[in-house]
Amino acid sequence: MKENILLSLANEFGTPLVVVDHDIIRQNYLEFKKHLPKVQAYYAVKANPEPEIVNTLFKIGSSFDVASMPEFNLVYENIKDFPEKERQNFIWDKIIYANPIKPKKTLQLLDKYKPLVTFDNKVELHKIKKYAPNAGVVLRLRVPNTGSMVELSSKFGCDAAQAVDLILEAFNIGLVVEGISFHVGSQCANFENYIQAINIAYAVMKESEERGYKIRILDIGGGFPAPYDRHVRPFSELAYMINVEIERLFPNDIQIIAEPGRFLVATAATSISRIIGKTVRDGKICYYIDDSVYHTFSGIIFDHCRYTLKAMKEGKTEICAVFGKTCDGLDTISLAEELPDLELDDFVYSENIGAYSTASATYFNGFPPAKIVHINV
Ligand SMILES: Cc1ncc(COP(=O)(O)O)c(C=O)c1O
């Protein structure tokens with residue numbers, strides 16, 4: 001995002017501010033589709049649940065992965081005025097409730113839509129049967145997450161060895177297993193994870209078919225890495241590997257879906273803050289900004305993500321520390337940032353902060369989350 005645009009928005013709306021550029025969201029979606037033409041993208045709303053983002057992706061043809069009833073309602077908002085049949089078709093074809101653990105109440109509310117929901121254990125399966133008997137189910141497998149920035153495999157996914165038994169049990173109790181899913185871990189830099197996961201899913205689907213139950217959907221999850229720095233290999237390389245493996249293993253009539261979150265939104269947002277304090281500690285310059293790890297920079301804690309801060313001023317740079325505005329020592333944005341000499345009220349900004357950032361911002365210390373401005377909507 002150009003500095004002059006950021007500067008004028010910061011002057012107009014004040015700081016802390018987050019600017020979301022919808023042209024970039026559309027570009028990311030089209031890039032995803034270009035390189036994975038056979039894969040339907042279900043945007044993982046959790047990455048950034050701003051209604052404007054959901055609406056932009058809705059308009060460009062995205063499907064949606066939701067993790068809760070409020071996220072389902074966010075997507076529903078876009079289709080609520082559709083005629084009933086069209087609305088129902090959208091829910092069937094374009095929404096997956098991909099949180100493997102669901103409150104009973106949520107299942108009860110969802111049942112009338114005959115939703116697609118994931119599960120990875122027996123208790124959940126029977127809960128679904130009891131409270132949402134009209135749901136279609138997708139079994140989430142445990143797959144290698146090695147080398148991903150955020151690992152999910154210790155919390156979710158059934159082992160391949162138990163998968164077929166769970167599938168048989170689902171059919172036995174009258175549910176239909178529509179698909180197999182996995183998640184290789186978020187910001188997956190190790191592309192081999194996808195290849196191994198696709199092969200594990202293939203083996204499970206093959207055995208299930210041999211037992212008389214053909215499964216029609218392969219859900220390759222999220223994890224597609226955002227280009228935070230030059231070490232991240234290009235998406236086209238990953239997509240090529242995925243396409244080759246799918247082509248090699250699966251018949252043409254398999255339906256392939258994915259749940260990209262970060263990839264679609266990370267590069268679309270930039271945060272802008274002001275310097276509100278400055279001191280020298282142990283010989284190092286320390287800046288305090290008017291945002292924090294409890295707010296836009298929450299990804300530092302929850303997402304294990306690092307963000308680079310840039311100044312809008314030229315000058316000789318030196319290593320300094322940058323802290324957030326709250327009273328907590330944990331509120332450390334960086335202990336080694338390279339910035340020029342800055343004064344109170346100077347601006348700093350961080351690019352690529354659209355995923356798992358404002359989504360997990362709090363009101364800690366009484367400070368509300370940053371204002372969010374949408375451009376090129
Ligand atoms: C079930 C599920 N699907 C999709 C995603 C989105 O992953 P990513 O943002 O890495 O693409 C997540 C993230 O936690 C998830 O838990």
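Do the conditions hold for Tyr356, that is, is it aromatic (Phe, Trp, Tyr) and not in a loop (DSSP other than H, G, I, E, B)? Here the answer is no, as Tyr356 does not meet what is asked. Number of residues in segment 51-101 that are closer than 15 Å to Ala132 by Cβ, within 15 Å of the ligand (Cβ to nearest atom), of a type outside the set (Phe, Trp, Tyr) and crowded, with 17+ Cβ neighbours inside 10 Å: the value is 6.
Only residues that are surrounded by fewer than 22 Cβ atoms within 10 Å (Cβ to Cβ) and within 18 Å of Asn145 (Cα to Cα) were counted in segment 175-199, giving 7. Taking the conditions (1) touching a residue at least 60 places away in the same chain (Cβ under 8 Å); (2) within 18 Å of Gly136 (Cβ to Cβ); (3) touching a Phe, Trp or Tyr at 6+ places or on another chain (Cβ under 6 Å); (4) not basic (Lys, Arg) in turn, Phe64 satisfies each one other than (1).
Here Tyr202 does not qualify as hydroxyl-bearing (Ser, Thr, Tyr), open to solvent by less than 10 Å² (accessible area, probe 1.4 Å) and in a helix (DSSP H, G or I).
Got at least one residue in segment 360-370 being in contact (Cβ under 8 Å) with a residue 40 or more places away in the chain, under 16 Å from Ser8 (Cα atoms) and assigned by TED's automatic domain parsing to the domain that holds Thr296? Scanning segment 360-370, I find no residue that is in contact (Cβ under 8 Å) with a residue 40 or more places away in the chain, under 16 Å from Ser8 (Cα atoms) and assigned by TED's automatic domain parsing to the domain that holds Thr296, so the answer is no. So the check is Cβ under 8 Å with 6+ separation or different chains; which pairs have a first residue in segment 178-197 that's near the ligand (Cβ under 8 Å from one of its atoms) and a second one that's of a type in the set (Lys, Arg)? Within 8 Å, the pairs are Ser181/Arg140; His183/Arg140; Ser186/Arg262; Gln187/Arg262. Among the residues making up segment 167-177, those that are β-branched (Val, Ile, Thr) and either in contact (Cβ under 8 Å) with a residue 60 or more places away in the chain or touching a helix residue (DSSP H, G or I) at 6+ places or on another chain (Cβ under 7 Å) (or both) are Ile167, Ile173, Val177. Of the residues making up segment 258-302, those that are within 14 Å of the ligand (Cβ to nearest atom) and surrounded by fewer than 22 Cβ atoms within 10 Å (Cβ to Cβ) number 1.
Looking across segment 167-189, the residues that are under 18 Å from Tyr131 (Cα atoms) and out of contact with any strand residue (DSSP E or B) (no Cβ under 6 Å at 6 or more places or on another chain) come down to Glu169, Phe171, Asn172, Ile173, Gly174.
The values are calculated or read from the model by the stated rules, or taken from the named source; none is laboratory data. The shown structure was predicted, so the numbers you read here are calculated from the model rather than taken from an experiment. With ideal geometry, Cβ positions are generated from the backbone for all residues, glycine too; neighbour counts draw on all protein chains shown. Ligands, DNA and RNA are excluded from the accessible area calculation, which covers all protein heavy atoms including side chains. Shrake-Rupley method; radii C 1.70, N 1.55, O 1.52, S 1.80 Å.
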